[in-house]
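As structure tokens, the structure follows; a few thoughts come after it.
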Amino acid sequence: MDFLDNLFIGLSVALDPARLLFCFVGVLIGTLVGILPGLGPTAAISLLLPSTFHLDPTSAIIMLGGIYYGAMYGGSMTSILVNIPGESASVVTCLDGYQMARQGRAGPALGISAFGSFIAGTISVLGLALISPPLARFALKFGPPEYFALIFCGLSILIYLASASILKAVMMALVGLFLGLMGTDFVSGELRFTFGSNTLLDGVGMVPVVMGLFGVAEVLENLEKGINRNVFKTSFDRLFPNAEDWKRSAGPIARGTVIGFFLGILPGGGALISSFASYAIEKKISKHPEKFGTGAIEGVAGPEAANNSATGGAFIPLLTFGIPANVVMALVLGALMIHGIQPGPLLIKQHPDLFWGVVASMYIGNVMLLILNLPMIPLWVKILKIPYPVLFPLILLFCLVGVYSLNNNYVEIIIMALFGIFGYLMKKFGYEAAPLVFALVLCPILENAFRQSLMLSYGDLSIFFTRPISLAFMATGIVLFALPVFTTVRRRMMERLPAEQD
Amino acid sequence: MTRKFRVSMVLTLALLVVSTWVGSLTISSPVVAATKAEYPTKPITLVVPMSPGGGTDVVGRMIANEMSQYLPNKVIVLNKPGGAGITGIQEVAIAEPDGYTLLFLTATPIVQTYATKKRVNYKDFLLLGLVDKDSFVLVVPKNAKWATSDEFFKEAKEKPGKVRLGHPGVGTSVHLVVPMLEKYTGAKFQQVPFAGSNPTHMALLGGHIDAGITTVGDVAALVKAGDIRMLALSGESRWKEYPDVPTFKEKGIDVGILHWRGIWARKETPVPILDILEETIRKAANSQSYRDTMIKAGKIPDNIVGRTILQERLKKEDSSIKEALMRLNLLQE
């Protein structure tokens with residue numbers, strides 16, 4: 001069978017000892033880089049790109065790919081342990097993962113995250129191997145109107161992310177939207193709210209904002225409550241997930257994998273949207289939605305599976321069309337070009353050993369990551385035992401290094417500090433940071449998609465409703481927005497009836 | 001104060017001191033006055049104002065790698081994306097003009113001089129050498145109804161504002177070709193901007209736009225696979241590889257401008273250093289290994305070196321860029 005032949009080619013390429021070594025080096029670096037906040041796979045890959053010059057293309061891509069999905073594994077570590085997303089896609093893991101850590105359940109959180117990522121990563125590799133071409137063709141159908149509709153639908157999911165007041169979540173989302181508008185206008189080149197700063201030409205960066213809202217703000221809040229308080233429960237329940245954890249996580253992992261894979265294919269979509277979507281969906285279908293935000297393992301399992309599965313999906317547009325789905329894939333594209341390979345629709349035909357070798361090695365990489373991460377869990381958990389007075393300066397230094405390492409720009413440190421204070425105030429008054437981050441990241445895409453769509457339709461708004469995929473997402477989004485309003489109104493009406501009968 | 005509190009304060013202070021010290025080490029030490037015999041005494045930084053992995057970044061890395069073979073020290077690429085190139089250009093504009101900080105870019109400095117008020121001035125720089133060239137090309141999806149560029153422009157002229165033409169972003173060198181096409185053909189397009197050439201190509205493949213303007217190098221893979229067709233391209237003569245694709249000039253459309261990338265240095269850089277740089281660029285761009293790698297990656301190596309020759313070329317491009325910006329209402333005087 002064709003697939004088995006290809007698998008055989010792939011394995012024979014990937015199981016070469018030198019290639020296995022590169023795979024290992026890649027996932028190791030990826031994990032380390034994922035752990036360090038701010039410094040993401042993008043930075044690591046661009047730093048290592050020159051050193052791949054002297055390697056053969058397949059080994060180079062194996063290593064760089066390893067860094068990418070390794071970073072997804074590593075990013076969850078700091079999210080769970082210290083509430084700092086190591087990777088943008090790990091923001092959602094902070095919500096419940098960190099709470100689990102504070103309750104002494106860091107071990108199960110880390111464990112489920114590792115296993116979930118492994119399962120998702122494996123399945124997405126299978127998906128990549130089996131259904132790349134038809135999936136890629138499907139991805140092509142997503143034009144500007146479909147993107148707008150998708151993100152519109154995504155924003156409506158935001159409502160379900162809210163643990164507390166929906167009104168406050170929406171307010172934060174609007175703040176996020178406003179922040180996302182800052183920068184250079186896509187069409188006219190006009191500057192908006194850049195205050196004459198060069199740094200703000202491209203808008204407020206996501207990394208300083210996230211570091212501030214999640215990392216710095218958390219430290220500030222803990223400091224206020226008293227430095228000698230035990231931030232983390234010192235006795236640990238157990239180090240690994242038990243049967244009940246598995247039972248609760250099985251569904252989320254399965255759903256997260258599917259969501260992540262499909263959203264990862266869409267250029268610009270990717271791991272962040274898929275992890276948010278997974279979280280929201282798990283919360284919506286859970287029997288105990290109020291537990292989300294206080295340490296529900298489903299809130300870790302689903303998003304973690306989603307963001308790892310998205311890495312597999314992200315390779316598809318690159319390997320089938322030569323079009324990168326995100327910044328990391330663009331780097332891989334660059335690496336291919338430097339090695340004299342022109343990525344495009346002919347890549348699979350002209351370089352089958354490269355394609356199948358990379359696919360096989362992605363699976364091997366996932367196995368390596370699992371073996372690497374599991375024994376480390378007891379070690380990571382020990383970090384939480386460090387007295388908080390010693391831990392928090394380390395956390396702050398972490399954040400500083402993370403933000404500065406991006407662009408060597410001290411203005412971003414100031415932004416992080418400002419958002420740290422803002423985040424602290426938000427916590428005091430019960431406003432959540434997740435909707436803000438989500439809206440901040442999606443706003444530019446949303447706005448650009450909207451304007452492009454109107455250009456395509458010569459100004460006709462109906463374009464969002466005449467195209468099938470776009471109509472589907474718009475309708476879902478409208479329903480999701482309207483549903484809580486409808487339920488509340490109905491409930492109020494029911495409450496009023498008995499009183500009127502008296 | 002409890003003991004724990006004191007310990008933590010001391011630790012924080014220690015960390016602050018250490019990190020400041022480490023940070024200060026990275027501030028460059030005073031410049032050693034370089035003479036012709038000594039330059040370069042340390043690695044040279046080639047600033048690429050684009051994200052890693054993009055076309056400009058890839059070519060920049062290739063030429064940097066090649067130049068490193070001819071110099072006692074390496075040439076290292078530093079990516080400084082942002083502000084459509086402004087961040088990176090300014091990085092070089094404020095650095096010491098000692099020949100250790102160079103800029104690798106397209107004609108973007110010229111564009112940004114006129115498109116954004118007072119942020120950059122390309123006349124602060126000298127273009128030392130061009131190392132790649134590419135043609136701007138009009139492309140359509142494979143099953144588009146137009147077989148030739150004549151048919152295409154005819155329809156665009158008859159139905160102004162109806163033909164949807166995608167491009168990689170407002171103010172990019174590719175975008176500037178559009179008003180020039182409109183000027184010479186009388187056509188008027190519905191311009192749709194995208195964030196780079198990749199989204200533009202995706203939109204073409206998906207049939208969301210009717211046509212697109214891009215560069216041959218960027219779209220070559222898709223053309224070879226038959227998913228996209230080229231209708232006409234810029235330049236003086238047809239491409240060897242694509243003998244069936246006419247040039248705009250053949251069709252009476254005077255768009256001969258090419259897309260190029262080159263190395264810029266500050267104009268205050270000492271002349272002996274400029275000469276050494278030009279010599280190195282000439283050798284590197286002419287080397288077989290550079291040419292081979294570029295061609296395999298689907299790019300066209302070029303080798304036009306000499307700041308005086310290039311000065312003339314820049315003057316010509318200056319006026320056509322200004323005119324294109326004016327037509328797009330992007331000109332800021």
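Could you pull out the residue among A:ASN366, A:ASN373, A:ASN409 that is farther than 30 Å from A:ASP56 by Cα and not aromatic (Phe, Trp, Tyr)?
So the residue among A:ASN366, A:ASN373, A:ASN409 that is farther than 30 Å from A:ASP56 by Cα and not aromatic (Phe, Trp, Tyr) is A:ASN409.
Name the helices (runs of 4 or more DSSP H) wholly within the range B:33-135 that hold at least 2 residues that are of a type in the set (Gly, Ala, Ser)?
Qualifying helices (runs of 4 or more DSSP H): B:55-69, B:86-94.
Here is a yes/no grid of residues against (1) touching a Phe, Trp or Tyr at 6+ places or on another chain (Cβ under 7 Å); (2) part of a loop (DSSP other than H, G, I, E, B):
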| position | (1), (2) |
| --- | --- |
| A:PRO389 | yes, no |
| A:VAL401 | no, no |
| A:VAL411 | no, no |
| A:ALA417 | no, no |
| A:TYR431 | no, yes |
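Within the range B:283-330, can you find the residues that are away from chain A (no Cβ under 14 Å) and either of a type in the set (Lys, Arg) or in contact with a Ser or Thr (Cβ under 9 Å, 6 or more places away or on another chain) (or both)?
Answer for the range B:283-330, where residues must be away from chain A (no Cβ under 14 Å) and either of a type in the set (Lys, Arg) or in contact with a Ser or Thr (Cβ under 9 Å, 6 or more places away or on another chain) (or both): B:LYS283, B:ALA284, B:ARG307, B:ARG313, B:LYS315, B:LYS316, B:ASP318, B:ILE321, B:LYS322, B:ARG327.
Only residues that are in a loop (DSSP other than H, G, I, E, B) and either more than 20 Å from A:GLY26 (Cα to Cα) or more than 25 Å from the chain's Cα centre (by Cα) (or both): list them for the range A:326-356, please.
A:HIS339, A:GLY340, A:ILE341, A:GLN342, A:PRO343, A:GLY344, A:PRO345, A:LEU346, A:HIS351
Please determine whether any residue of the range A:481-492 is touching an Asp or Glu at 6+ places or on another chain (Cβ under 9 Å), surrounded by 12 or more Cβ atoms within 10 Å (Cβ to Cβ), free of Cβ contacts under 8 Å to residues at least 24 places away in the same chain and assigned to a helix (DSSP H, G or I).
No, the range A:481-492 contains no residue that is touching an Asp or Glu at 6+ places or on another chain (Cβ under 9 Å), surrounded by 12 or more Cβ atoms within 10 Å (Cβ to Cβ), free of Cβ contacts under 8 Å to residues at least 24 places away in the same chain and assigned to a helix (DSSP H, G or I).
Check the range A:345-366 and report whether any residue there is closer than 24 Å to B:GLY60 by Cβ, within 12 Å of chain B (Cβ to nearest Cβ) and either of a type in the set (Phe, Trp, Tyr) or surrounded by fewer than 24 Cβ atoms within 10 Å (Cβ to Cβ) (or both).
Scanning the range A:345-366, I find at least one residue that is closer than 24 Å to B:GLY60 by Cβ, within 12 Å of chain B (Cβ to nearest Cβ) and either of a type in the set (Phe, Trp, Tyr) or surrounded by fewer than 24 Cβ atoms within 10 Å (Cβ to Cβ) (or both), so the answer is yes.
Could you look through the range B:179-195, keep only residues that are open to solvent by less than 20 Å² (accessible area, probe 1.4 Å) and in contact (Cβ under 8 Å) with a residue 40 or more places away in the chain, and pick out the one that is nearest to B:VAL223 (Cα to Cα)?
So, considering only residues that are open to solvent by less than 20 Å² (accessible area, probe 1.4 Å) and in contact (Cβ under 8 Å) with a residue 40 or more places away in the chain, the one nearest to B:VAL223 (Cα to Cα) is B:LEU181.
Please enumerate the residues belonging to the range A:129-178 that are touching a Leu at 6+ places or on another chain (Cβ under 6 Å), open to solvent by less than 20 Å² (accessible area, probe 1.4 Å) and over 19 Å from B:MET202 (Cα atoms).
A:SER156, A:MET172, A:ALA173, A:GLY176
Applying the selection to the range A:269-321, what residues are crowded, with 24+ Cβ neighbours inside 10 Å, on the phi > 0 side of the Ramachandran plot and assigned to a loop (DSSP other than H, G, I, E, B)?
none
Tell me which of these B:ILE209 doesn't satisfy, since it passes every other one: (1) touching a strand residue (DSSP E or B) at 6+ places or on another chain (Cβ under 8 Å); (2) more than 13 Å from chain A (Cβ to nearest Cβ); (3) open to solvent by less than 20 Å² (accessible area, probe 1.4 Å).
(2)
Answer yes if at least one residue in the range A:457-466 is open to solvent by less than 80 Å² (accessible area, probe 1.4 Å), aliphatic (A, V, I, L, M), over 27 Å from A:PRO208 (Cα atoms) and within 14 Å of chain B (Cβ to nearest Cβ), and no otherwise.
yes
Residues checked against (1) open to solvent by less than 40 Å² (accessible area, probe 1.4 Å); (2) among the β-branched types (Val, Ile, Thr):
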position	(1), (2)
A:ARG19	no, no
A:ILE29	no, yes
A:GLY40	yes, no
A:THR52	yes, yes
A:GLY65	yes, no
A:MET77	yes, no
A:ASN83	yes, no
A:SER88	no, no
A:CYS94	yes, no
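Show the residue pairs that are 6+ apart or on different chains and have beta-carbon atoms under 6 Å apart, the first residue being within the range A:383-401 and under 18 Å from A:GLY86 (Cβ atoms) and facing another protein chain (nearest Cβ under 9 Å), the second being among the hydrophobic types (A, V, I, L, M, F, W, C) and open to solvent by 40 Å² or more (accessible area, probe 1.4 Å).
A:LEU397/B:LEU15
Name the residues in the range B:1-31 that are surrounded by 11 or more Cβ atoms within 10 Å (Cβ to Cβ), modelled with pLDDT under 65 and within 11 Å of chain A (Cβ to nearest Cβ), would you?
Within the range B:1-31, just B:GLY23 meets the criteria.
Take the residues in the range B:58-85 that are among the basic types (Lys, Arg) and modelled with pLDDT of 85 or more; name whichever of them is surrounded by the most Cβ atoms within 10 Å (Cβ to Cβ).
By that ranking, first place goes to B:ARG61.
Please enumerate the residues belonging to the range B:157-194 that are part of a helix (DSSP H, G or I) and more than 14 Å from every other protein chain (Cβ to nearest Cβ).
Once the filter is applied, which keeps residues that are part of a helix (DSSP H, G or I) and more than 14 Å from every other protein chain (Cβ to nearest Cβ), the range B:157-194 yields B:LYS157, B:GLU158, B:VAL177, B:PRO179, B:MET180, B:LEU181, B:GLU182, B:LYS183, B:TYR184, B:THR185.
With the range B:268-333 as the region, which helices (runs of 4 or more DSSP H) entirely inside it contain at least 2 residues that are acidic (Asp, Glu) and under 30 Å from A:ALA335 (Cα atoms)?
The helices (runs of 4 or more DSSP H) meeting that bar are B:271-286.
Can you find a residue that is surrounded by fewer than 21 Cβ atoms within 10 Å (Cβ to Cβ), on the phi < 0 side of the Ramachandran plot and in contact with an Asp or Glu (Cβ under 7 Å, 6 or more places away or on another chain) anywhere in the range B:235-246?
Checked against the condition, which is being surrounded by fewer than 21 Cβ atoms within 10 Å (Cβ to Cβ), on the phi < 0 side of the Ramachandran plot and in contact with an Asp or Glu (Cβ under 7 Å, 6 or more places away or on another chain), the range B:235-246 yields no hits at all.
What is the residue count in the range A:201-229 for residues that are closer than 20 Å to B:ILE89 by Cα and either open to solvent by 30 Å² or more (accessible area, probe 1.4 Å) or in contact with a Phe, Trp or Tyr (Cβ under 7 Å, 6 or more places away or on another chain) (or both)?
Total meeting the criteria: 1.
Hey, does the range B:42-57 have a residue that's open to solvent by 40 Å² or more (accessible area, probe 1.4 Å), closer than 30 Å to B:LEU231 by Cα, facing chain A (nearest Cβ under 10 Å) and in contact with a helix residue (DSSP H, G or I) (Cβ under 8 Å, 6 or more places away or on another chain)?
yes
Take the range B:225-248 and flag every residue that is assigned to a strand (DSSP E or B) and either under 20 Å from A:GLN342 (Cβ atoms) or within 14 Å of chain A (Cβ to nearest Cβ) (or both).
B:ILE228, B:ARG229, B:MET230, B:LEU233
Please identify the pairs in which a residue from the range B:157-175 that is without any contact (Cβ under 8 Å) to a residue 40 or more places away in the chain has its Cβ atom under 8 Å from the Cβ atom of a residue that is surrounded by 20 or more Cβ atoms within 10 Å (Cβ to Cβ) and assigned to a loop (DSSP other than H, G, I, E, B), counting only partners at least 6 apart or on another chain.
B:LYS157/B:ALA187; B:PRO160/B:ALA187; B:GLY161/B:PHE189
In the range B:284-299, what residues are surrounded by fewer than 21 Cβ atoms within 10 Å (Cβ to Cβ) and either within 18 Å of B:LEU127 (Cβ to Cβ) or of a type in the set (Ser, Thr, Tyr) (or both)?
B:ASN286, B:SER287, B:SER289
For A:ASN373, state whether it is surrounded by 20 or more Cβ atoms within 10 Å (Cβ to Cβ) and either touching a Gly at 6+ places or on another chain (Cβ under 8 Å) or at pLDDT below 80 (or both).
No, not satisfied.
The values are calculated or read from the model by the stated rules, or taken from the named source; none is laboratory data. A quick note: this is a predicted structure, and the numbers were derived from the prediction, not measured. Note: ideal-geometry Cβ built from the backbone for every residue, glycine included; neighbour counts use all protein chains shown. Please note that ligands, DNA and RNA were not included when accessible areas were found on the heavy atoms of the full protein model with its side chains. Shrake-Rupley method; radii C 1.70, N 1.55, O 1.52, S 1.80 Å.
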